[in-house]
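Here the structure is laid out as structure tokens; the discussion comes afterwards.
The values are calculated or read from the model by the stated rules, or taken from the named source; none is laboratory data. Keep in mind that this is a model prediction, so the values were computed, not measured. Note that each Cβ is placed from the backbone with ideal geometry, even for glycine, and that neighbours are counted across all protein chains shown. Ligands, DNA and RNA are excluded from the accessible area calculation, which covers all protein heavy atoms including side chains. Shrake-Rupley method; radii C 1.70, N 1.55, O 1.52, S 1.80 Å.
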Amino acid sequence: MDLRARWRVLRRWIAWRDLSRAAARLALPPAGVLLLLAITGAAGVVPALLGVLATYLGIGALLAPHFRDLKRVRDYVERLRAREEPASAIPDPPRIASPGLDRRLPEAIAESARARESHRRELDAAIRGNEAVLSNLPDPLLLLDRGGNVRRANRAAGRLFGSGLAGRPLANVIRHPDLLQAADAVVAGETQQEVEFTTPGDIERVFSARIAPLVGPAPDGTVAVISLHDVTAIRRAEQMRADFVANASHELRTPLSSLLGFIETLQGPAQDDAEARDRFLGIMLEQARRMYNLVEDLLSLSRIELDEHSPPRGEADLVAIAEGVARSLELRAKQKNMAIELAPGADSIPVVGDADQLTQVVQNLVDNAIKYGRDGTVIRVIGHPAGGTDQPRRARRGAALSVVDQGEGIPREHLPRLTERFYRVDKARSRELGGTGLGLAIVKHIMNRHRGDVEVDSVVGEGSRFTIYLPGAPARRGRAERGMADAAAS
Ligand code: ADP
């Protein structure tokens, strides 16, 4: 190795400049004494200069290992600092041998770097976990900064308000004055606020918004959090309950006030009028029957609702049910010159179900067909055994039964609401025919309990088809199919 190369190694090895400066400073006092001796003639100039040089070199040689180790430690700290976070590993600490330094110093530095790294990893994992919780929360969340802008938003908020929410002023995202006012107040330092608002659009949704301040601003500048909770279903249920109570009271009050009126008349002016009394008693009987039917339907509905969550386990035969209903309503049909025609499609259609409740369903449907069908027409009750080839439009596994009438039909816009309690296409007509407005609601709830479905097809001026779908009974399904085959063969 030539001299220059050696010199470079030496410089890399120790902090040369620091060493030479320290050696020069330490050699200064003895060098001063030697130079003084030379000036005063007590020592020769050459020996004095040689003495100065020897002192300087001696001190330098003494300090060299100390400075070498210091440089190693310094370089190590520098490497730790320049490390690419967090991918690269902590480098091994250098070995030092200087008597002036604790040999465990580099290892202690490495240890503290490792501890910092592990804390950083834990912190990263915690942040990632929090992010995951935040973004997977089902409720929309918006984080606000001091300027009232959205800092961050979770996925649910993105789904509700669209993407790219970060950085937008809140007023651009939710245009609801009460909510904006509450958010401004919280950002300005007020305590938590709650606001309810409705989102505009075809499908209105009601949200309860809670705007809460953070204890201190978050590192990303968040000062408040808006969490939204969809209360549409709750508000709808509350409204339905209120409507139901109002409707039920109204339905009962009408015949009740009529009864009271007739009783008062019979006690007063018509006391001695035998003809009026007979007529009034007839009307009173009709009104009382109406109230009775209504109370019966209400009780039936609440009983069905009570065990709606536990599906029936028994088996019932739709053909036997249809035959029984046809027999029991034959007379009523005849009063309107109507006939009930059965097209069962099989000897029996076994389904998983409660025979009494299914009888109530078919009875309500055939009863409606009689009420709303034209005089002198035929009502057809058609069975569709499970797996049959003539399954209705929305074919599915399981059995079905349709009740088809030739009546005035139902305008399209009413179809989705028919199974709501007290919903009628023509209120006066339904009342006049003795309807309670609860028949189809009962059908729907019984079908819900059976994990089945009800479907309405109607053509105004031609008639309606009400179809119920039920899960087929597995044990006897073969028999039903055999019945179908027999029917097809005959
Ligand atoms: P209601 O006691 O009034 O008949 P339902 O719940 O059974 O009550 O029926 C609700 C409404 O649906 C009825 O008022 C009527 O307007 C309409 N509807 C039901 N069945 C038929 C049908 N077969 N033909 C025409 N309209 C019907």
Exercise. Within segment 394-409, restricting attention to residues that are open to solvent by 20 Å² or more (accessible area, probe 1.4 Å) and not hydrophobic (A, V, I, L, M, F, W, C), which residue is nearest to the ligand (Cβ to nearest atom)?
Worked result: E408
For this session: Might you let me know whether segment 312-320 holds any residue that is open to solvent by less than 40 Å² (accessible area, probe 1.4 Å), outside any helix (DSSP H, G or I) and among the aliphatic types (A, V, I, L, M)?
Result: yes
For this session: Please work out which residue is most open to solvent (accessible area, probe 1.4 Å), limiting yourself to segment 260-275 and to residues that are hydrophobic (A, V, I, L, M, F, W, C) and at pLDDT 90 or above.
Result: L260
For this session: Looking only at segment 410-429, decide whether some residue is buried (at least 17 other Cβ atoms within 10 Å of the Cβ), over 21 Å from F244 (Cβ atoms) and within 7 Å of the ligand (Cβ to nearest atom).
Result: yes
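Let's see how each residue does on (1) open to solvent by 70 Å² or more (accessible area, probe 1.4 Å); (2) outside any loop (DSSP other than H, G, I, E, B):
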| site | (1), (2) |
| --- | --- |
| V33 | yes, yes |
| A38 | no, yes |
| A48 | no, yes |
| V52 | no, yes |
| L63 | no, yes |
| I90 | no, no |
| I109 | no, yes |
Exercise. What is the one condition in (1) farther than 21 Å from W16 by Cβ; (2) of a type in the set (A, V, I, L, M); (3) open to solvent by less than 60 Å² (accessible area, probe 1.4 Å); (4) in a loop (DSSP other than H, G, I, E, B) that A42 does not satisfy?
Worked result: (3)
For this session: For residues that are open to solvent by 20 Å² or more (accessible area, probe 1.4 Å) and away from the ligand (no atom under 11 Å from the Cβ), tally how many sit in segment 431-448.
Result: 2
Problem set entry | First in segment 296-313 and more than 10 Å from H445 (Cβ to Cβ), second anywhere and surrounded by fewer than 18 Cβ atoms within 10 Å (Cβ to Cβ), Cβ under 6 Å, 6 or more apart | P311/R451
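Name the residues in segment 420-447 that are more than 20 Å from L252 (Cβ to Cβ) and at pLDDT 95 or above, would you?
Narrowing segment 420-447 to residues more than 20 Å from L252 (Cβ to Cβ): 425-426, 443-447.
Selection gives V443, K444, H445, I446, M447.
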Problem set entry | Subset of segment 343-373 that is part of a helix (DSSP H, G or I) and open to solvent by less than 10 Å² (accessible area, probe 1.4 Å) - its residue that is nearest to the ligand (Cβ to nearest atom) | A369
For this session: Keeping to segment 187-203, report how many residues are open to solvent by 90 Å² or more (accessible area, probe 1.4 Å) and modelled with pLDDT under 85.
Result: 3
Problem set entry | Unmet criterion (only one of (1) open to solvent by 60 Å² or more (accessible area, probe 1.4 Å); (2) away from the ligand (no atom under 16 Å from the Cβ); (3) in a loop (DSSP other than H, G, I, E, B)) for L331 | (3)
For this session: Give segment 225-248 a look and list any residue that's surrounded by 15 or more Cβ atoms within 10 Å (Cβ to Cβ) and more than 14 Å from the chain's Cα centre (by Cα), or say none.
Result: V225, I226, R235, F244, N247, A248
Exercise. Do we find that G461 is near the ligand (Cβ under 7 Å from one of its atoms), over 24 Å from G353 (Cα atoms) and in contact (Cβ under 8 Å) with a residue 24 or more places away in the chain in this structure?
Worked result: no
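Going through segment 178-202 one residue at a time, which ones are more than 18 Å from D139 (Cα to Cα) and either of a type in the set (A, V, I, L, M, F, W, C) or in a loop (DSSP other than H, G, I, E, B) (or both)? I'd like the intermediate steps shown before the answer.
Step one: list which residues in segment 178-202 are more than 18 Å from D139 (Cα to Cα), which gives 178, 180-182, 184-191, 200-202.
Within segment 178-202, L180, A182, A185, V186, V187, A188, G189, E190, T191, P200, G201, D202 qualify.
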